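Values in this text are rule-based calculations from the coordinates and carry no lab data. Keep in mind the model is a prediction, meaning the values are calculated, not measured. Glycine gets a Cβ as well: all are built from the backbone with ideal geometry, and neighbour counts include every protein chain shown.
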Amino acid sequence: MPTLDEALPLILKATLRSTPGAVHPFDSVRLFASAVAALLDRQLRPSVWRPIVEALKDAGLLDPEPMDRAGMLEIQEAIRGKAPAISPRSLSPVKQLARWLVDRHQGRAEILAEPRLSIEVLREELASIRGIGPAGADAIILAVSGRPSYPVDRGTYRILVRHGWLDASSSYEEARDLMVHHAGDDLVRLGEAAAGMTWLASHFCRVTAPRCEACPLASMLPPGGPVGAETD
Ligand code: SF4
């Protein structure tokens, strides 16, 4: 059976076919802005969240304290006319992160990249914030902390299970550790793997009836086809 290591080049290649510039948009901007981008990237296409981040920046809201103080209407007003509208539900994790930074860390986003704070503690604290959860925590860690992680979305999980690289009963942590183990400590590579998996899942590896015949990972399937999936 083909291994995940053998499939990784194809997964990384798929990144190039995802939205251009979607990978690593976070490294050149400030920490809180990077964390906001990482959270929005989990819910919205880059073509949608990028102008939102720009609009928030123009309005001075890409700092924890102003973001914490701002009401939803004020935020939406700052975006209006400059970016697609965003729902309160999509904004909620951003607001909650700002509240956590203000309440627990004097509004200092630097805590997200503080090397003396163990990654386990940081992950646990971020994951406990309402609306962020384990995958949001790992997205922030990968984008901001300078330490390796992998935000496991449903698509990644599906692909790993269907190829027999992960048991269907595995936990979120087991899936994350598997991806980090195979993609290595290279943050760029981890980001590319996450983007590639997301693209493959949304275009081919859907919940029902995966389109294996057209999928770049078709040659990596186990001999009996996708594990546990109904095909066309
Ligand atoms: S669509 Fe088929 S070949 Fe592609 S990732 Fe899913 S199971 Fe694998």
### Task
For the stretch 105-212, state which trypsin sites (Lys or Arg not before Pro) are in a DSSP loop and have at most 16 other beta carbons lying within 10 Å of their beta carbon.
Arg108, Arg116, Arg130, Arg206, Arg211
### Summary
Fraction of alpha-carbon pairs in the stretch 32-122 farther than 22 Å apart, rounded to whole percent, equals 23
#### Entry: Calculated from backbone phi, Karplus (6.51, -1.76, 1.60) coupling profile of the stretch 80-88 in Hz, x at Gly/Pro
3, x, 10, 7, x, 4, 10, 7, x
### Angle between the chain longest axis and helix 46-58 axis [Cα atoms, degrees, rounded to 10]
20
### Task
Kindly express, to the nearest 10 degrees and within the range 0 to 90, the angle between helix 172-183's C-alpha long axis and the longest C-alpha principal axis of the chain.
80
#### Entry: Residue-averaged 222 nm ellipticity for the chain, from DSSP H runs of 4+ at -39500 (n - 2.57), nearest 500
-16500 deg cm²/dmol
#### Entry: Most positive-pole-ward Cα, Pro148, Ala98, Met72, against dipole of the chain from beta carbon charges
Met72
## Note on the structure
Most exposed to least, judged by fewest other Cβ atoms within 10 Å, Ile140, Ile86 sort to Ile86, Ile140
### Query
Which whole-number value in Å³ per residue fits the convex hull of the alpha carbons of the stretch 141-225?
94
### Summary
Dividing the mean separation of Cα pairs under 8 Å (6+ apart) by the residue count of the chain yields a relative contact order in percent of 26
## Note on the structure
Between the Cα axis of helix 31-41 and the main Cα principal axis of the chain, the angle (0 to 90°, nearest 10) is 50
#### Entry: Electrostatic dipole magnitude of the stretch 4-220 [Cβ: Lys, Arg +1; Asp, Glu -1; Cα centre; debye, to 20]
740
### Message
Based only on other Cβ atoms within 10 Å, what is the fewest-to-most ordering of Ser145, Ser219?
### Response
Ser219, Ser145
### Task
Could you work out the equivalent-ellipsoid semi-axes for the chain, taking the square root of 5 times each eigenvalue of the Cα gyration tensor, largest first, in whole Å?
33, 19, 15
### Message
Straight-line reach from Lys57: which lysines fall under 30 Å, measuring Cα to Cα and dropping same-chain residues less than 8 apart?
### Response
Lys82, Lys95
